[in-house]
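The values are calculated or read from the model by the stated rules, or taken from the named source; none is laboratory data. Everything numeric here is computed off the predicted structure, so don't read it as measured data. Note that each Cβ is placed from the backbone with ideal geometry, even for glycine, and that neighbours are counted across all protein chains shown.
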Amino acid sequence: MSAEFIAAYAGSSVAQAALVASATVTAAPVWARALRNRLFALVPLLSLVGVVLLLRLYPDGAPAFAKVALVCVPLLALVAAARVGLAALLMTVVAIGAVLHDGQSLVGQIAALFLIGGSCVLLGALLVDLTPPQWLGAGVVAMAVADLVLVASGLLGPASDVLNAAGVDEHLPQLQRVQIGPLEMGYGDIFLPALVGALLASRARPRGWAAGLTLGFALAAGLVFLAFDRLPATVPVALALLVVEGAGAGRAAWNRRGTPSHDPSESLEPLSAPAPAPAR
């Protein structure tokens, strides 16, 4: 691995951790929350497996994904920034300008990562609003497992290469994937940290700890590049979620064990015969 690749991978790991720490909730309109259903937990898994299978069968469809991303990513990022405040909105506008000016430069690549991250924050918050948390947590793990299987089996590589190479025009940016120097990441590798951050925020879990775990697991997983050229970058994020949720469940169980059970009989005064009246 070159020093440039190591720096790029470290930067992408920091970006994933930052998304876990900063993602928000409450993106869906009130009326849309009536659609809340556990079936939405399948979205992360289907978004990965469905795209891979589709591109394996119809590789010529990759430019369509590039066109959708080119339009939707900046719009979603603008909406996400508007929910935060004026400063975030101005930063997003500047990022769009940087990407359009020179998307192949390092500044343009970082700006594209910023836009993609913003779009993922909004989509993650929306999915959290529409899905029961226990089911969505299972969906996160299912996506990471599928990512691992697809990478290990070699099925992800060809589809990923086709999607990464697709573009609308040579002068327009590619926002269907992240590129930082020699490193390329899929949209799902950015979406899952944003989703996990929003999920933890909705359950009042410690996101700072989860972000630290994500960074640690991601940096450790980078050792895989010593032997292989691909890495399932969603796995460290899912592992961090499992550790945080497992610790929370263990703490709750310990608190229940440490709390003595209440016996109603212990709070009753012992019955006794009334004292006899004094003799006159």
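In region 143-157 there is no residue that is in contact (Cβ under 8 Å) with a residue 24 or more places away in the chain, over 23 Å from the mean Cα position of the chain (by Cα) and closer than 20 Å to Leu57 by Cβ.
Kindly indicate whether Val93 is modelled with pLDDT of 95 or more and either surrounded by fewer than 20 Cβ atoms within 10 Å (Cβ to Cβ) or of a type in the set (Ser, Thr, Tyr) (or both). Yes; evaluated as a whole, the condition is true for this residue. One residue stands out in region 49-68 among those that are surrounded by fewer than 15 Cβ atoms within 10 Å (Cβ to Cβ) and within 22 Å of Thr234 (Cα to Cα): the one that is modelled with the lowest pLDDT, namely Arg56. One residue stands out among those in region 25-48 that are crowded, with 17+ Cβ neighbours inside 10 Å and in contact with a Leu (Cβ under 9 Å, 6 or more places away or on another chain): the one that is nearest to Arg230 (Cα to Cα), which is Leu48.
Among the numbered conditions (1) within 20 Å of Ala238 (Cβ to Cβ); (2) at pLDDT below 90; (3) among the polar types (S, T, N, Q), the only one that Gln104 does not meet is (1). Do we find a residue being touching an Asp or Glu at 6+ places or on another chain (Cβ under 9 Å), over 16 Å from Ala144 (Cα atoms) and charged (D, E, K, R) anywhere in region 226-233? No, the conditions are met nowhere in region 226-233. Might you check whether a residue that is among the small types (Gly, Ala, Ser), in contact (Cβ under 8 Å) with a residue 60 or more places away in the chain, under 19 Å from Ala21 (Cβ atoms) and surrounded by fewer than 20 Cβ atoms within 10 Å (Cβ to Cβ) occurs anywhere in region 190-206? Within region 190-206, one or more residues are among the small types (Gly, Ala, Ser), in contact (Cβ under 8 Å) with a residue 60 or more places away in the chain, under 19 Å from Ala21 (Cβ atoms) and surrounded by fewer than 20 Cβ atoms within 10 Å (Cβ to Cβ). Each residue in region 1-16 was checked for being surrounded by fewer than 13 Cβ atoms within 10 Å (Cβ to Cβ) and among the aliphatic types (A, V, I, L, M), and 2 pass. Against the conditions (1) under 23 Å from Val244 (Cα atoms); (2) among the aromatic types (Phe, Trp, Tyr); (3) surrounded by fewer than 22 Cβ atoms within 10 Å (Cβ to Cβ), where does Phe114 fall short? Just the number, please. In the conditions (1) under 23 Å from Val244 (Cα atoms); (2) among the aromatic types (Phe, Trp, Tyr); (3) surrounded by fewer than 22 Cβ atoms within 10 Å (Cβ to Cβ), Phe114 misses (1) alone.
Have a look at Arg251, Arg205 and point out the one that is assigned to a loop (DSSP other than H, G, I, E, B) and within 22 Å of Pro133 (Cα to Cα).
Being assigned to a loop (DSSP other than H, G, I, E, B) and within 22 Å of Pro133 (Cα to Cα) holds for just one of Arg251, Arg205, which is Arg205.
Say whether the condition of being in contact with a Phe, Trp or Tyr (Cβ under 9 Å, 6 or more places away or on another chain) and without any contact (Cβ under 8 Å) to a residue 12 or more places away in the chain is met by at least one residue in region 60-78. The answer is no, given that none of the residues of region 60-78 is in contact with a Phe, Trp or Tyr (Cβ under 9 Å, 6 or more places away or on another chain) and without any contact (Cβ under 8 Å) to a residue 12 or more places away in the chain.
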